[in-house]
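S.K.: Before I ask anything, here is the structure I am working with.
The values are calculated or read from the model by the stated rules, or taken from the named source; none is laboratory data. Computed from a predicted model, the values in this text were never measured in an experiment. Backbone-built Cβ (ideal geometry, glycine too); neighbour counts: all protein chains shown. These accessible areas exclude ligands, DNA and RNA; they are computed on the full protein's heavy atoms, side chains included. Shrake-Rupley method; radii C 1.70, N 1.55, O 1.52, S 1.80 Å.
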Amino acid sequence: MLTISNLTVSVDDKAILKGLNLSVPKGEVHAIMGPNGAGKSTLGYALAGRDGYTISADQLSWDGDDLQELEPHERAAKGLFLSLQYPVEIPGVAALTFLRTSVNAQRRARGQEELSAPEFMKRAREAAGTLKIPDEMLKRPLNVGFSGGEKKRMEALQILLLQPTLIVLDETDSGLDIDALKLIGETINGLRGPDKALVVITHYPRLLDYIRPDRVHVLQGGQIVTSGDAKLALALEADGYDSVVANA
Amino acid sequence: MTAHPSTPTTAEADLLAAASKTGVALPTLSLPTRRTPGWKYADLRKALSGHLQAVPATIEIQGIETQGQATVEPQAIALEPEATDLARLHAALAQVEQRIEIEGEQELSLTFAAPDDQQVACGQVRVRIAPGANLRIRERYQGDSDSFLATQVIYELGEGARLERVIDDRLDGVVLWARVQFALGAKAATESFGRMTGSRLARHDWRVDHRAAGSFARFHGALDLAGSQHANIRLQVHHHVAGCETQELFKTTANDRGHAAFEGCVHVAPGAVQTVAEQAHHGLLLSENAEINALPELEIFADDVICAHGATCGALDEQALFYAQARGIPEAEARTMLTAAFLSEPFDEAPPWIRQHFGFEA
Ligand SMILES: Nc1ncnc2c1ncn2[C@@H]1O[C@H](COP(=O)(O)OP(=O)(O)O)[C@@H](O)[C@H]1O
Ligand SMILES: [Mg+2]
């Protein structure tokens, strides 16, 4: 279970999240929707432990571990994966090298043996095949000069290889054409399982056609202002945030 | 209190005495300080504080015996009339230069080893590459003594000759003054790729003369300075004639109290039209006490040229660092990975044997 209780986050003394509460049990998919600037990405960064965010919370835990006690790389080793709205370009580091370094760093942290080069290559090729990522792209520096859609595919590839248990997707649908949206949506939907929790942050409900949420939450003004089932996403699309929130 | 330049320091007195023993009249010697034009980032006088005893240079030249097509001969050193005091001192102490004649295809390694503590060694090598000949060379500077090593290598490339050069320095404690000159004939091409970690004071003076049409020179380097290592690269390129090209790309990281200074100047003489000269220097400061100075310069006296220079300096990309950590890579490992990636770019287009030399996949 992901438990967030009374989370406040500020950046440069500016309060962005103001007492946010959210619980996502294992096995469930929750969507977080909200207008631009609501603090959705900030929630993702706070979970991942990015520097520069001042955080206080009564509880911030995943699967019994207090996330606030852990460094970002330790959170990753505990199963957290934050797919970024704008994946970062890493000049000079081939995508494959980056992937192998992260897979093996997480394995080391968990006391598992590192993957041999051939074993890693086998898994990487297979996952890349699923996501229709050409070999040539894996040899290029990670995300450098990749299109928006290619960057999101690389994020999905990392999910397949790292096998996280708490997956937070921040606007993974943005920048994707319909085919890529379907491919990535279906691939991630295929990862659902009793030991995993998914948090799908999105501005538009398109991705939710492929990853059907158990719960939908609306984030506005730094708090969850209303929650509902999958139908809430449709209402938001039809009527807009303001009227849905006003009628809640 | 700093001594007045007219009062010789202990090192200056020792060096003068050593020169006089070789029979070369050297009336005075004032070692360069920060105020000496061209030495702003290398205070040699300050770096050479104690006694210095002159000893013969150890120059190891490997590779030619087996190839049969190259020869080494000691020759007297000819000084240019405008030679500085320091250059005269170097010539006096080096006494001879090793002259290497290259024909056909050769592979060489040339290693200058620093002498022992409180010693000075001066060495000079001239490499003549015949028209159409090809040389691959590894030029190395090594040692960890409290000494002064002064070297000069002169590369003369005949028409259509080709020189591929690796510079590798492994120095600590040594005060180095390494001069390298390139005289390029028509359509000659040279490419240098260096990885340097500096020294107590490491001064590299490189001078390139494009003297006939169609020559090409590339200088790519990565400087990785930590501790209190210092490096000063001064690269002077002269385009005397039309239609030659120079490409420079240097990347520097400085950690702890490391200090790097890159001074690159490209002179394009009147009439040297259709010159192409591009220089770039990018620095990455890894600590608050580190320092990187980059001074790319262009002096253009001809029309119809393509010349550009750029310099950037910054810190490690925090976003990239977070991204790597969020994927499970611990901070220290992420920093190392990103720094190494930054320093790898100058080698992207290196010939396979050079990429291998520096541990990259060919
Ligand atoms: N690093 C930052 N410094 C200052 N303000 C920030 C920073 N990051 C985000 N904000 C502000 O916080 C608010 C929420 O941003 P964000 O979490 O990106 O919203 P969303 O993802 O919902 O669009 C916005 O008003 C934004 O301008
Ligand atoms: Mg956002």
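S.K.: Can you spot a residue in segment A:95-104 that is open to solvent by 20 Å² or more (accessible area, probe 1.4 Å), over 17 Å from the mean Cα position of the chain (by Cα), over 29 Å from A:ILE211 (Cα atoms) and more than 14 Å from every other protein chain (Cβ to nearest Cβ)?
M.R.: no
S.K.: What do you reckon, is A:TYR86 within 13 Å of ligand 1 (Cβ to nearest atom) and over 14 Å from the mean Cα position of the chain (by Cα)? Lay out the reasoning, then the answer.
M.R.: Details: within 13 Å of ligand 1 (Cβ to nearest atom): yes; over 14 Å from the mean Cα position of the chain (by Cα): no.
Spelling it out, it is not the case that A:TYR86 is within 13 Å of ligand 1 (Cβ to nearest atom) and over 14 Å from the mean Cα position of the chain (by Cα).
S.K.: Taking segment B:138-153 only, how many residues are of a type in the set (Asp, Glu) and within 16 Å of the chain's Cα centre (by Cα)?
M.R.: Total meeting the criteria: 1.
S.K.: Working only within segment A:30-52, note down all residues that are assigned to a strand (DSSP E or B) and either away from ligand 2 (no atom under 13 Å from the Cβ) or touching an Asp or Glu at 6+ places or on another chain (Cβ under 8 Å) (or both).
M.R.: A:HIS30, A:ALA31
S.K.: Which members of segment A:168-188 meet the condition of being within 16 Å of ligand 2 (Cβ to nearest atom) and either among the hydrophobic types (A, V, I, L, M, F, W, C) or surrounded by fewer than 18 Cβ atoms within 10 Å (Cβ to Cβ) (or both)?
M.R.: The answer is A:VAL168, A:LEU169, A:SER174, A:GLY175, A:LEU176.
S.K.: When the residues of segment A:12-36 are narrowed to those that are within 16 Å of ligand 1 (Cβ to nearest atom) and surrounded by fewer than 14 Cβ atoms within 10 Å (Cβ to Cβ), which ends up modelled with the lowest pLDDT?
M.R.: A:ASN36
S.K.: Going through A:LEU157, A:LEU191 one at a time, which residue ends up being out of contact with any Gly (no Cβ under 9 Å at 6 or more places or on another chain), more than 18 Å from A:ALA48 (Cα to Cα), away from ligand 2 (no atom under 16 Å from the Cβ) and within 14 Å of another protein chain (Cβ to nearest Cβ)? Working first, answer last.
M.R.: Numbers: A:LEU191 fails: within 14 Å of another protein chain (Cβ to nearest Cβ).
One residue alone meets the criteria, A:LEU157.
S.K.: Given the criteria open to solvent by less than 40 Å² (accessible area, probe 1.4 Å), away from every other protein chain (no Cβ under 14 Å) and not in a loop (DSSP other than H, G, I, E, B), does B:PRO346 qualify? Outline the logic, then answer.
M.R.: Values: open to solvent by less than 40 Å² (accessible area, probe 1.4 Å): yes; away from every other protein chain (no Cβ under 14 Å): no; not in a loop (DSSP other than H, G, I, E, B): yes.
Against the criterion (open to solvent by less than 40 Å² (accessible area, probe 1.4 Å), away from every other protein chain (no Cβ under 14 Å) and not in a loop (DSSP other than H, G, I, E, B)), B:PRO346 does not qualify.
S.K.: Now a separate question. Are there any pairs, at least 6 apart or on different chains, whose C-beta atoms fall under 7 Å, with the first in segment B:37-51 and assigned by TED's automatic domain parsing to the domain that holds B:ASP146 and in contact (Cβ under 8 Å) with a residue 60 or more places away in the chain and the second open to solvent by less than 20 Å² (accessible area, probe 1.4 Å) and assigned to a helix (DSSP H, G or I), and if so, which?
M.R.: From residues that are assigned by TED's automatic domain parsing to the domain that holds B:ASP146 and in contact (Cβ under 8 Å) with a residue 60 or more places away in the chain, the pairs are B:LEU48/B:ALA11; B:GLY50/B:ALA11.
S.K.: Can I ask one more? From the set of residues in segment A:10-21 that are among the hydrophobic types (A, V, I, L, M, F, W, C) and within 16 Å of ligand 2 (Cβ to nearest atom), which is nearest to the other protein chains (Cβ to nearest Cβ)?
M.R.: If we take residues in segment A:10-21 being among the hydrophobic types (A, V, I, L, M, F, W, C) and within 16 Å of ligand 2 (Cβ to nearest atom), then A:VAL11 is nearest to the other protein chains (Cβ to nearest Cβ).
S.K.: If you don't mind, there's one more thing I want to ask. Return the pair list, or none, for Cβ contacts closer than 9 Å from residues in segment A:37-49 that are open to solvent by 20 Å² or more (accessible area, probe 1.4 Å) and within 8 Å of ligand 1 (Cβ to nearest atom) to residues that are among the aromatic types (Phe, Trp, Tyr) and part of a helix (DSSP H, G or I), at least 6 apart or on different chains.
M.R.: Going by the 9 Å Cβ cut-off, the qualifying pairs are A:TYR45/B:PHE322.
S.K.: All but one of (1) at pLDDT below 95; (2) open to solvent by 60 Å² or more (accessible area, probe 1.4 Å); (3) more than 12 Å from chain B (Cβ to nearest Cβ) hold for A:SER147; state the number of the condition that does not hold.
M.R.: (2)
S.K.: Also: What are the pairs, 6+ residues apart or on separate chains, where a residue within segment A:199-216 that is within 13 Å of A:LYS231 (Cα to Cα) and of a type in the set (Val, Ile, Thr) has its Cβ under 7 Å from a residue that is within 15 Å of ligand 1 (Cβ to nearest atom) and in a strand (DSSP E or B)?
M.R.: Here the result reads A:VAL216/A:ALA31; A:VAL216/A:MET33, each pair linking segment A:199-216 to a residue that is within 15 Å of ligand 1 (Cβ to nearest atom) and in a strand (DSSP E or B).
S.K.: Here is a further query. Among the residues of segment A:63-77, what is the count of those that are within 14 Å of chain B (Cβ to nearest Cβ) and either touching a residue at least 60 places away in the same chain (Cβ under 8 Å) or within 13 Å of ligand 2 (Cβ to nearest atom) (or both)?
M.R.: 1
S.K.: Among the numbered conditions (1) within 14 Å of ligand 1 (Cβ to nearest atom); (2) within 14 Å of chain B (Cβ to nearest Cβ), tell me where A:LEU7 comes up short.
M.R.: Unmet condition: (2).
S.K.: Hey, another quick one. Please go through segment A:78-94 and give me each residue that is more than 8 Å from every other protein chain (Cβ to nearest Cβ) and more than 21 Å from A:ARG50 (Cα to Cα), ordered by number.
M.R.: Listed by number, the list holds a single entry, A:ALA94.
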